[in-house]
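The values are calculated or read from the model by the stated rules, or taken from the named source; none is laboratory data. Since the model is a prediction, treat every value here as computed from it, not as a measurement. A quick note on method: Cβ atoms are made from the backbone with ideal geometry, for glycine too, and the neighbour counts reach across all protein chains shown.
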Amino acid sequence: MLAKLPGIAVVVPMTYATFAILQRRGRLGLGRLLASLPVALAAGALILGYYWWAHYLGTNYPPYHVAGSGYLWRDGLSRFLDEAFYIPATWKIASNWLFTLPVVVLTGIALLTAPPAASDAETKAGPRRAPWFFHVWLLGAAIVYVLAAREIKTNPWNFHIFNVAVAALAGSGLVLLVSIGRERGFLTRALRLTAIAAVVVFGGSIPGLTLMKTPYADHGEELGMKLSELSHPGELVITATPTIGDPVAIYYSRHRGWVFPPGGGETEWSMLLEDDAAIAALEDLRARNATWFGITKNARDMQRRKFLEYNRGLIAHLDRTAERVVDDDTLLIYRLTPRVNAASN
């Protein structure tokens, strides 16, 4: 329920487990299924209620934005096919930092084998297992991914729908590798486990050290704190931080507002716009009563393009139509004049 619509990925293995376990117990019947229906409806009602409330807030309060875009039924199958369902970008996310390559490999090994057989104790206790549970969980997550590939790729935290299944299957793959040649004795298996664990830990950690040690939010926090100091209650802010698309400065400003470029829909959060489109986006936000525009001077997009260099035309436009309030080694902050004044300039 807390996962909202991405929780559909969990509904698939839940449904499988319900049918599998009841059938193995010999209790699968209409009465049992109907008994679970009120719980399912209650959970669904809470999720729909949340989305109704989120949509209400997004359409009635600034910054007037409802998150979420990039679905199969909106973009069309042809676009998804042209982008290969965004698998190249997904592979980079999964193998580089979210799961890491060793975990992905262990998961692949587990997928090539059947689930482990039930132990003697489980067999004596009765047939209660759903042996393909995590395989089906991965299938459920894959179904959600196929339907919302661009949205999931754009907002990588949505990949958490895969986490439990990947963790379980990677563990299963690890056990499988360790148990190969078990007749060779405990010492051999222990050495194999140590070697595999070392590869997983170091092979997964070392490539991510740079990511983990980089203070991505440092200048963004400074920008937000400065905007909080300069602004008044109720004013709206626009921010461009070291990582374009990161809303950290909005958080520290304690105001509502937008990242820049605003993103959503057809616009990628993490990519800079050409000057003409950027100026149009700025003027649209100014028309929505945006008061402050803050930029960290090290702001870059995902193609490593520097904001201040790539959008020189936008900066020149701001210098003509806004007041430059802060210009130091780290920050550039403008106070936006109302659009009517901007037009007269």
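For this structure, a couple of remarks:
- Members of the stretch 67-97 that are assigned to a helix (DSSP H, G or I) and among the acidic types (D, E): D75, D82
- When P6, P63 are checked against the criterion of being assigned to a loop (DSSP other than H, G, I, E, B) and at pLDDT below 85, a single residue qualifies: P63.
- Selection over the stretch 297-321 of residues that are among the small types (G, A, S) and touching a residue at least 40 places away in the same chain (Cβ under 8 Å) gives a count of 1.
- In the stretch 80-96, the residues that are in the same structural domain as A170 (by TED's automatic domain parsing) and surrounded by 15 or more Cβ atoms within 10 Å (Cβ to Cβ) reach residues that are part of a helix (DSSP H, G or I) and charged (D, E, K, R) with C-beta atoms within less than 7 angstrom, at least six apart or across chains, in these pairs: Y86/R150; Y86/K153; A89/K153; T90/K153.
- Residue in the stretch 204-218 that is nearest to the chain's Cα centre (by Cα), counting only those that are surrounded by fewer than 13 Cβ atoms within 10 Å (Cβ to Cβ) and more than 29 Å from F293 (Cβ to Cβ): M212
- All helices (runs of 4 or more DSSP H) inside the stretch 246-330 with 2 or more residues being in contact with a helix residue (DSSP H, G or I) (Cβ under 7 Å, 6 or more places away or on another chain) and buried (at least 20 other Cβ atoms within 10 Å of the Cβ): 248-253, 275-287, 312-321
- Taking the stretch 70-96 as the range and being of a type in the set (G, A, S) and on the phi > 0 side of the Ramachandran plot as the test, the residues that pass are G70, G76, A84.
- Selected residue (criterion: farthest from the chain's Cα centre (by Cα)) from residues of the stretch 219-236 that are buried (at least 20 other Cβ atoms within 10 Å of the Cβ), farther than 19 Å from R300 by Cα and of a type in the set (A, V, I, L, M): L227
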